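Q: Shown below is the structure under consideration.
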Amino acid sequence: MISKVVIGKTFYGACRYVCMDKKRAVVLEAEGVRDYDYKLMARDFELQQSLRPSLTKAVFHGIIRFYPGEKVEDNMITEIAKDYLAEMKITDTQFVIVKHIDKNHSHIHILANLVNNNGETIKDNWIGLKGKKIAQKLTKKYGLKEAVSKNLSLINLKALNEKE
């Protein structure tokens, strides 16, 4: 498993990206937000964020990619995502877990509010590094294939831009 974390400003953009295309996005679980419409989902996230208006970057967007070819069942993906959030100490808040099926490797997007249900801020210090370490830990816990090195033969070179 590989983890990438982005902290963003707008829930609308994140929800739109993650959920808009119904052909590639499957909502596995949502808590505290409506999961059938990305606009309503964003509105629910924003409503809770308004409890802490001084926090401008309240969008937690975690991406977890599984090893190419590795098949992980939806219930296990949901369990992994919840463990990931718990280990990151992103608890007692709204979240949504979405699986994307548009690539040859399974990957999920986790959106969560960094304003918890009590209106308190969830700390995001060193969150990117924490995410990587937790992904490594969960890879071992669930017996998944470790990504110890980059396999260049699995990279879709046509999808990369010049900089990459």
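The values are calculated or read from the model by the stated rules, or taken from the named source; none is laboratory data. These numbers were taken from a predicted model, which means no experiment stands behind them. Positions of Cβ are generated from backbone atoms using ideal geometry, with glycine treated the same way; all protein chains shown enter the neighbour counts. All accessible areas refer to the heavy atoms of the entire protein, side chains included, with ligands and DNA or RNA removed. Shrake-Rupley method; radii C 1.70, N 1.55, O 1.52, S 1.80 Å.
Q: Measuring from label point to label point, each 7 Å out along Cα→Cβ, what is the LEU47 to GLU120 span in nm?
A: Taking the two extended label points, one gets 2.3 nm.
Q: In straight Cα distance, which aspartates and glutamates are under 19 Å from LYS23, not counting same-chain residues fewer than 8 positions off?
A: The reachable aspartates and glutamates, counting only those whose Cα sits under 19 Å from LYS23, are ASP35, ASP37, GLU73, ASP74, ASP102.
Q: As a check on your grasp of the helix formula, calculate [θ] at 222 nm for the chain: sum -39500 (n - 2.57) over DSSP H runs of n ≥ 4, divide by the residue count, round to the nearest 500.
A: About -9500 deg cm²/dmol.
Q: GLU29's amide H: which non-local residues (gap 5+, or another chain) put their own amide H closer than 5 Å, with H modeled 1.01 Å from N in plane and none for Pro or chain starts?
A: Amide H to amide H, under 5 Å and 5 or more residues apart or across chains, GLU29 pairs with ILE97.
Q: State which entries of LYS4/LYS140; LYS22/LYS132; LYS39/LYS130; LYS9/LYS123; LYS9/LYS141 exceed 25 angstrom in Cα-Cα distance in the structure shown.
A: Pairs exceeding the cut-off: LYS22/LYS132; LYS39/LYS130; LYS9/LYS141.
Q: Which whole-angstrom value gives the distance between the alpha carbon centres of segment 66-93 and segment 6-42?
A: 17 Å
Q: Grab the beta carbon distance between THR78 and SER54, set R0 = 30 Å, and tell me the FRET efficiency rounded to 0.05.
A: So the FRET efficiency works out to roughly 0.40.
Q: About the Cα centre of the chain, what is the dipole size in debye to 20, counting +1 per Lys and Arg Cβ and -1 per Asp and Glu Cβ, all else neutral?
A: 540 debye
Q: Share of the chain's accessible area from carbon and sulfur, percent, 1.4 Å?
A: 51 percent
Q: Just tell me the longest site-free run in the chain, where the sites are chymotrypsin sites (Phe, Trp or Tyr not before Pro) in a DSSP loop having at most 15 other beta-carbon atoms within 10 Å.
A: Value returned for the longest uninterrupted segment is 37-125.
Q: Over 19 Å apart: what share of the alpha carbon pairs of the chain falls there, rounded to a whole percent?
A: Cα-Cα pairs in the chain separated by more than 19 Å: 55 percent.
Q: Can you compute the charge dipole magnitude of segment 14-82 about its Cα centre, using +1 on each Lys and Arg Cβ and -1 on each Asp and Glu Cβ, nothing else charged? Give it in debye, rounded to the nearest 20.
A: 360 debye
Q: What angle, in degrees between 0 and 90 and rounded to the nearest 10, separates the Cα long axis of helix 74-87 from the longest principal axis of the Cα atoms of the chain?
A: So the inclination is approximately 60 degrees.
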